[in-house]
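A short write-up of the structure that comes next.
The values are calculated or read from the model by the stated rules, or taken from the named source; none is laboratory data. Just so it is clear, the structure is predicted and the values come from calculations on it, not from any experiment. Positions of Cβ are generated from backbone atoms using ideal geometry, with glycine treated the same way; all protein chains shown enter the neighbour counts. Areas reflect the complete protein model, heavy atoms only, side chains present, ligands, DNA and RNA absent. Shrake-Rupley method; radii C 1.70, N 1.55, O 1.52, S 1.80 Å.
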Amino acid sequence: MKIDKKDILKALEHITVPGEGQNMVESGAVTNIQIFGDEVEVDITITNPSLQARKKTEVEILKIIHKEVYEKAKIKINVKVDAPAVKPKVNEIKGKVIPGISNIIAVASGKGGVGKSTVTANLAVTLSKMGFKVGLLDADIYGPSMPIMFDVANEKPLAVNVAGKSKMKPVESYGVKLLSIGFFTQRDQAVIWRGPMASKALNQMIFDAHWGDLDFMLIDLPPGTGDIHLSIMQALPITGAVVVSTPQEVALADARKGVAMFQQDSINVPVLGIIENMAYFTPEELPDNKYYIFGKEGAKHLAEDLNVPFLGEIPLVQSIREAGDVGRPAALQSGTLVEAAFEEITKQVVSEVVGRNKSLPPTEAIKITTMAGCSAVKKK
């Protein structure tokens, strides 16, 4: 018997494509039919990747051709699966929204001693200089340094009445609203708290404070990846995270872990970028010379490897340290290299926040219900 291609097509119109409402011919699933005497070869493309769908398709084609066209036809079926690309998981923000606060940026470092708090303080005052309303939460419970850096170590937050409730009023300095556990302890007093106690103190500074309207709240996280970080990300709608590192390999290894923490599936906070602190040293008497004491462009290369933005570099300048010690952040020094460096980095941070808010949805609280949510972070 001579088999006609039209008869094959007509028979295949009786079969519905798995996962679709159309028959195989209408949907374009039948990509080719070849006939050699009583041999029929049919090429099919389906979008359902399951083995069950594939087998069902093959069986139905065999049955319908044998029934409708020629029962002794020798049939070969080539099934190709063309599943639609899985859309990448959209980064969500998490946490309970605080009325009046537009963006919350967590500043982190995998390692201590890289200047994270100094960078946070200077980002805050630079944002304020740009005209933004800024708040800063010092979440480094065991090493609070913001009261010193803002020259308010002897200040205490006042109580204010807001809608019949008593709230803490953040201390304000250089246009930045500030809360820190350092305001509630003596300068020589060690904070010896377990995780739950520290988390409770943070929640009080977040939700029992009258922050008012803020364009940006910066959170100075403690070094590492631990309980405080999880508590903050469970409590607050983090817009994005900034990771600070120096160029040296020891710091970069921990910065990589810091980025991985935010990118872990159970946390999934957008990483706005990496800042390289202490990038190079330029002597005042040799302004054109750069000495790469801790290595060259290590954080920049790390950002490229991890496919996250590189926000810029900050030089190793004595005045930055001195300014922090006397309580007047170095970014307030007009017309200096330091001011220019922090202004450029702050512009990059703002740009990344704007881009993030355009492309990603508002966030909800992370829900860590098992110890798996607190386990070692998988490398990306």
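Observations
- Fully extended contour minus Cα-Cα distance, from Ser50 to Asp82, at 0.36 nm per residue: 10.4 nm
- For the chain, calculated [θ]222 nm from helices alone, where every DSSP H run of n ≥ 4 adds -39500 (n - 2.57): -10000 deg cm²/dmol
- With all protein chains modelled, accessible area of Phe207 [1.4 Å, Å²]: 60
- Only one residue of His14, Gln248, Phe294 has its Cα farthest out toward the positive end of the dipole of the chain, where Lys and Arg carry +1 and Asp and Glu -1 on Cβ, and that residue is His14.
- For the stretch 240-289, the Cβ-based charge dipole about the Cα centre amounts to some 360 debye (Lys, Arg positive; Asp, Glu negative; other atoms uncharged).
- Ordering Val326, Gly182, Ile275 by the projection of their Cα atoms onto the charge dipole of the chain, which places +1 on the Cβ of Lys and Arg and -1 on the Cβ of Asp and Glu, puts Gly182 at the extreme positive end.
- When Cα extents along the principal axes in Å is calculated for this entry, the matching label among (i) 67, 49, 38; (ii) 62, 51, 43; (iii) 100, 59, 36 is (iii).
- Vicinal HN-Hα couplings computed from phi for the stretch 271-279 (Karplus, 6.51 cos²θ - 1.76 cosθ + 1.60; Hz; Gly/Pro x): 8, 6, x, 10, 10, 9, 9, 6, 5
- Remark: the chain carries 51 Å² of accessible area per residue (probe radius 1.4 Å; ligands, DNA and RNA excluded).
- Portion, in percent, of the accessible area of the chain that falls on carbon or sulfur, probe 1.4 Å: 51
- Once backbone amide H atoms are built at 1.01 Å from N, Ile101 has Leu214 as its partners under 5 Å, excluding neighbours fewer than 5 places away on the same chain.
- Only the Cβ atoms of Lys and Arg (+1) and of Asp and Glu (-1) were treated as charged; on that basis the dipole of the chain about its Cα centre amounts to roughly 1160 debye.
- Cβ-based charge dipole, the chain, positive-most Cα from Ser351, Ala260, Val107: Ala260
- For the stretch 240-255, 3J(HN,Hα) computed residue by residue from phi via the Karplus equation (6.51, -1.76, 1.60; θ = phi - 60°) reads x, 10, 10, 10, 10, 8, 9, x, 6, 4, 4, 6, 5, 4, 7, 4 Hz, glycine and proline entered as x.
- Mean Cβ count within 10 Å, highest first, over the residues of peptides 59-65, 158-164: 59-65, 158-164
- Here the Karplus relation 6.51 cos²θ - 1.76 cosθ + 1.60, evaluated at θ = phi - 60°, turns the backbone of the stretch 163-179 into coupling constants of 6, x, 10, 7, 10, 6, 9, x, 6, 10, 8, 6, x, 10, 7, 9, 9 Hz, with x for every Gly and Pro.
- Here the gap between Phe184 and Glu71, fully extended at 0.36 nm per residue and compared with their Cα-Cα distance, gives a gain of 31.9 nm.
- Cβ-Cβ distance of Asn23 and Tyr292, R₀ of 56 Å, FRET efficiency by 1/(1 + (r/R0)^6): the value works out to about 0.25.
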